[in-house]
Amino acid sequence: MSGQITIASVVEGHGEVRALPVLLRRITQAAGIWDIKIPEPHRIPRGTLVAPNGVESAVRKVAALNAISAGGILVLADSDDDCPATLGPELLARARQARADKNISVVLAHREFEAWFLAAATSLSGCRGLADPLQPPDNPEGIQGAKEWLTARKVDGTPYKETADQAALAGTFDLVEARKAAPSFDKFCRDVERLIEGGS
(Lines give C-alpha, C1' and ligand atoms only; values in the text may rest on other atoms or scores of the structure.)
Protein backbone atom coordinates (compact mmCIF):
# COMPACT_ATOMS: atom_id res chain seq x y z
CA MET A 1 0.00 0.00 0.00
CA SER A 2 1.35 3.39 -0.95
CA GLY A 3 0.25 6.97 -0.48
CA GLN A 4 -1.65 8.67 2.31
CA ILE A 5 -4.60 6.72 3.63
CA THR A 6 -7.94 8.33 2.84
CA ILE A 7 -11.30 7.28 4.22
CA ALA A 8 -14.03 9.05 2.29
CA SER A 9 -17.58 8.49 3.40
CA VAL A 10 -21.28 8.69 2.71
CA VAL A 11 -23.74 9.33 5.55
CA GLU A 12 -27.47 9.97 5.82
CA GLY A 13 -27.79 12.31 8.80
CA HIS A 14 -26.70 15.87 9.53
CA GLY A 15 -25.22 14.75 12.86
CA GLU A 16 -23.00 12.12 11.26
CA VAL A 17 -21.35 14.76 9.06
CA ARG A 18 -19.52 15.95 12.18
CA ALA A 19 -19.63 12.80 14.31
CA LEU A 20 -18.27 10.25 11.85
CA PRO A 21 -14.87 11.96 11.31
CA VAL A 22 -14.46 12.18 15.10
CA LEU A 23 -15.16 8.46 15.42
CA LEU A 24 -12.93 7.53 12.48
CA ARG A 25 -10.00 9.43 13.98
CA ARG A 26 -10.43 7.66 17.31
CA ILE A 27 -10.41 4.24 15.65
CA THR A 28 -7.52 4.95 13.29
CA GLN A 29 -5.40 6.48 16.05
CA ALA A 30 -6.09 3.45 18.25
CA ALA A 31 -4.74 1.38 15.35
CA GLY A 32 -1.60 3.52 15.27
CA ILE A 33 -2.54 5.35 12.06
CA TRP A 34 -1.93 9.09 12.30
CA ASP A 35 -1.27 10.11 8.69
CA ILE A 36 -4.81 9.81 7.42
CA LYS A 37 -7.13 12.04 5.43
CA ILE A 38 -10.79 12.07 6.43
CA PRO A 39 -12.76 14.39 4.12
CA GLU A 40 -16.10 15.78 5.25
CA PRO A 41 -18.71 13.05 4.69
CA HIS A 42 -21.06 13.34 1.73
CA ARG A 43 -24.61 13.44 3.08
CA ILE A 44 -27.50 11.89 1.23
CA PRO A 45 -30.97 11.19 2.69
CA ARG A 46 -31.60 7.54 3.49
CA GLY A 47 -34.53 7.27 1.10
CA THR A 48 -32.35 8.48 -1.74
CA LEU A 49 -29.44 6.27 -0.69
CA VAL A 50 -31.43 3.02 -0.86
CA ALA A 51 -33.40 4.01 -3.99
CA PRO A 52 -32.30 2.73 -7.41
CA ASN A 53 -28.94 4.28 -8.37
CA GLY A 54 -28.78 6.02 -4.97
CA VAL A 55 -25.78 4.39 -3.31
CA GLU A 56 -24.18 3.97 -6.73
CA SER A 57 -24.39 7.68 -7.48
CA ALA A 58 -23.13 8.61 -4.01
CA VAL A 59 -20.11 6.32 -4.25
CA ARG A 60 -19.22 7.60 -7.72
CA LYS A 61 -19.41 11.19 -6.50
CA VAL A 62 -17.26 10.57 -3.44
CA ALA A 63 -14.69 8.68 -5.52
CA ALA A 64 -14.56 11.53 -8.06
CA LEU A 65 -14.08 14.19 -5.38
CA ASN A 66 -11.30 12.40 -3.49
CA ALA A 67 -8.02 10.90 -4.65
CA ILE A 68 -8.08 7.51 -2.92
CA SER A 69 -5.01 5.40 -3.61
CA ALA A 70 -4.94 3.86 -0.12
CA GLY A 71 -7.94 3.46 2.16
CA GLY A 72 -11.42 3.45 0.69
CA ILE A 73 -15.03 4.55 0.90
CA LEU A 74 -17.27 3.94 3.89
CA VAL A 75 -21.06 4.11 3.58
CA LEU A 76 -22.79 4.49 6.95
CA ALA A 77 -26.55 4.52 7.45
CA ASP A 78 -29.14 3.53 10.03
CA SER A 79 -30.93 0.26 9.43
CA ASP A 80 -34.17 1.66 10.92
CA ASP A 81 -36.68 -1.19 10.56
CA ASP A 82 -34.75 -3.04 7.86
CA CYS A 83 -32.62 -6.09 8.61
CA PRO A 84 -28.95 -5.00 8.49
CA ALA A 85 -27.88 -8.49 7.43
CA THR A 86 -30.05 -8.19 4.32
CA LEU A 87 -29.91 -4.53 3.33
CA GLY A 88 -26.21 -4.10 4.12
CA PRO A 89 -24.91 -6.73 1.68
CA GLU A 90 -27.36 -5.52 -0.99
CA LEU A 91 -26.06 -1.95 -0.75
CA LEU A 92 -22.47 -3.18 -0.66
CA ALA A 93 -22.90 -5.21 -3.84
CA ARG A 94 -24.45 -2.22 -5.61
CA ALA A 95 -21.72 0.14 -4.39
CA ARG A 96 -18.92 -2.20 -5.44
CA GLN A 97 -20.49 -2.66 -8.85
CA ALA A 98 -20.48 1.12 -9.27
CA ARG A 99 -16.79 1.50 -8.34
CA ALA A 100 -15.15 -1.89 -8.47
CA ASP A 101 -11.74 -0.20 -8.39
CA LYS A 102 -12.19 1.08 -4.81
CA ASN A 103 -12.24 -0.58 -1.41
CA ILE A 104 -15.77 -0.02 -0.17
CA SER A 105 -17.52 -0.86 3.08
CA VAL A 106 -21.18 -0.50 3.96
CA VAL A 107 -22.19 -0.47 7.62
CA LEU A 108 -25.74 -0.20 8.89
CA ALA A 109 -26.02 0.86 12.51
CA HIS A 110 -28.65 -1.50 13.92
CA ARG A 111 -31.72 0.74 14.12
CA GLU A 112 -29.69 3.97 14.55
CA PHE A 113 -26.24 5.41 15.18
CA GLU A 114 -27.21 6.43 18.72
CA ALA A 115 -27.69 2.78 19.69
CA TRP A 116 -23.89 2.65 19.85
CA PHE A 117 -23.95 5.33 22.55
CA LEU A 118 -26.50 3.30 24.51
CA ALA A 119 -24.20 0.28 24.33
CA ALA A 120 -21.54 2.22 26.25
CA ALA A 121 -23.88 4.48 28.22
CA THR A 122 -21.90 4.16 31.45
CA SER A 123 -18.98 5.98 29.82
CA LEU A 124 -21.29 8.89 28.95
CA SER A 125 -22.38 9.56 32.52
CA GLY A 126 -22.55 13.32 33.03
CA CYS A 127 -21.62 14.09 29.42
CA ARG A 128 -23.71 16.67 27.49
CA GLY A 129 -26.24 16.94 30.30
CA LEU A 130 -26.83 13.20 30.67
CA ALA A 131 -27.54 11.72 34.08
CA ASP A 132 -24.68 10.55 36.30
CA PRO A 133 -24.61 7.63 36.76
CA LEU A 134 -26.04 6.40 33.47
CA GLN A 135 -26.80 2.72 33.03
CA PRO A 136 -27.04 1.06 29.60
CA PRO A 137 -30.20 -0.80 28.56
CA ASP A 138 -30.09 -4.58 28.33
CA ASN A 139 -30.41 -4.64 24.53
CA PRO A 140 -29.17 -1.31 23.14
CA GLU A 141 -29.64 -2.27 19.51
CA GLY A 142 -33.16 -3.53 20.16
CA ILE A 143 -34.49 -0.19 21.34
CA GLN A 144 -36.71 1.77 18.98
CA GLY A 145 -35.91 5.41 19.61
CA ALA A 146 -32.34 5.65 20.91
CA LYS A 147 -32.48 9.43 20.50
CA GLU A 148 -35.57 9.53 22.70
CA TRP A 149 -33.82 7.27 25.24
CA LEU A 150 -31.01 9.81 25.48
CA THR A 151 -33.42 12.73 25.78
CA ALA A 152 -35.25 10.99 28.62
CA ARG A 153 -31.97 10.73 30.53
CA LYS A 154 -30.78 14.29 30.07
CA VAL A 155 -30.99 16.27 33.29
CA ASP A 156 -30.07 19.70 31.94
CA GLY A 157 -33.51 20.45 30.55
CA THR A 158 -32.53 20.12 26.90
CA PRO A 159 -33.41 17.34 24.43
CA TYR A 160 -30.80 15.27 22.64
CA LYS A 161 -30.00 16.89 19.29
CA GLU A 162 -27.89 15.19 16.64
CA THR A 163 -26.26 18.38 15.41
CA ALA A 164 -25.42 19.58 18.93
CA ASP A 165 -24.60 16.36 20.78
CA GLN A 166 -23.65 13.56 18.41
CA ALA A 167 -20.05 14.59 17.70
CA ALA A 168 -19.33 15.21 21.39
CA LEU A 169 -20.70 11.82 22.40
CA ALA A 170 -18.81 10.17 19.52
CA GLY A 171 -15.61 11.58 20.97
CA THR A 172 -16.36 10.29 24.46
CA PHE A 173 -18.10 6.90 24.50
CA ASP A 174 -16.08 3.79 25.36
CA LEU A 175 -15.29 2.02 22.10
CA VAL A 176 -14.42 -1.29 23.74
CA GLU A 177 -17.67 -1.43 25.69
CA ALA A 178 -19.67 -0.48 22.61
CA ARG A 179 -18.03 -3.25 20.57
CA LYS A 180 -18.99 -5.78 23.22
CA ALA A 181 -22.64 -4.77 23.44
CA ALA A 182 -23.44 -3.64 19.88
CA PRO A 183 -22.59 -6.12 17.10
CA SER A 184 -23.15 -3.52 14.38
CA PHE A 185 -20.57 -1.24 16.01
CA ASP A 186 -18.11 -4.12 16.16
CA LYS A 187 -18.67 -4.60 12.43
CA PHE A 188 -18.13 -0.88 11.89
CA CYS A 189 -14.77 -1.03 13.69
CA ARG A 190 -13.70 -4.13 11.78
CA ASP A 191 -14.63 -2.53 8.47
CA VAL A 192 -12.67 0.65 9.27
CA GLU A 193 -9.66 -1.46 10.26
CA ARG A 194 -9.97 -3.37 7.00
CA LEU A 195 -10.07 -0.15 4.98
CA ILE A 196 -6.93 1.26 6.57
CA GLU A 197 -5.16 -2.05 6.07
CA GLY A 198 -6.08 -2.04 2.40
CA GLY A 199 -8.08 -5.26 2.52
CA SER A 200 -11.10 -6.16 0.44
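The values are calculated or read from the model by the stated rules, or taken from the named source; none is laboratory data. Remember, it's a predicted structure, so these values are computed and weren't measured experimentally. Cβ atoms come from the backbone with ideal geometry, glycine included; neighbour counts cover every protein chain shown.
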Selected residue [free of Cβ contacts under 8 Å to residues at least 40 places away in the same chain and among the aliphatic types (A, V, I, L, M)] from Leu92, Leu65, Leu76: Leu92
Candidate set: the stretch 24-48, residues that are farther than 24 Å from Arg96 by Cα and of a type in the set (A, V, I, L, M, F, W, C); chosen: the one surrounded by the most Cβ atoms within 10 Å (Cβ to Cβ): Ile33
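If you check Arg111, Arg153, Arg94, Arg99, which single one turns out to be in contact with a strand residue (DSSP E or B) (Cβ under 6 Å, 6 or more places away or on another chain), among the charged types (D, E, K, R) and crowded, with 16+ Cβ neighbours inside 10 Å?
Working: Arg111 fails: in contact with a strand residue (DSSP E or B) (Cβ under 6 Å, 6 or more places away or on another chain); Arg94 fails: in contact with a strand residue (DSSP E or B) (Cβ under 6 Å, 6 or more places away or on another chain); Arg99 fails: in contact with a strand residue (DSSP E or B) (Cβ under 6 Å, 6 or more places away or on another chain).
Exactly one of Arg111, Arg153, Arg94, Arg99 is in contact with a strand residue (DSSP E or B) (Cβ under 6 Å, 6 or more places away or on another chain), among the charged types (D, E, K, R) and crowded, with 16+ Cβ neighbours inside 10 Å, namely Arg153.
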Within the stretch 112-150, tally of residues that are free of Cβ contacts under 8 Å to residues at least 40 places away in the same chain, in a helix (DSSP H, G or I) and charged (D, E, K, R): 2
Check on Ser79, under 13 Å from the mean Cα position of the chain (by Cα) and surrounded by 23 or more Cβ atoms within 10 Å (Cβ to Cβ): no
Residue within the stretch 61-73 that is under 14 Å from Ser105 (Cβ atoms), under 16 Å from the mean Cα position of the chain (by Cα) and assigned to a helix (DSSP H, G or I) present: no
Residue match in the stretch 178-196 (condition: without any contact (Cβ under 8 Å) to a residue 60 or more places away in the chain, aliphatic (A, V, I, L, M) and within 22 Å of Ile27 (Cβ to Cβ)): no
Residue check, Gly3 at pLDDT below 95 and surrounded by 19 or more Cβ atoms within 10 Å (Cβ to Cβ): no
Residue pairs meeting the criteria (Cβ under 7 Å; at least 6 apart or on separate chains; first assigned to a strand (DSSP E or B), in the stretch 6-25; second surrounded by fewer than 19 Cβ atoms within 10 Å (Cβ to Cβ) and of a type in the set (S, T, N, Q)): Thr6/Asn66; Ala8/Asn66
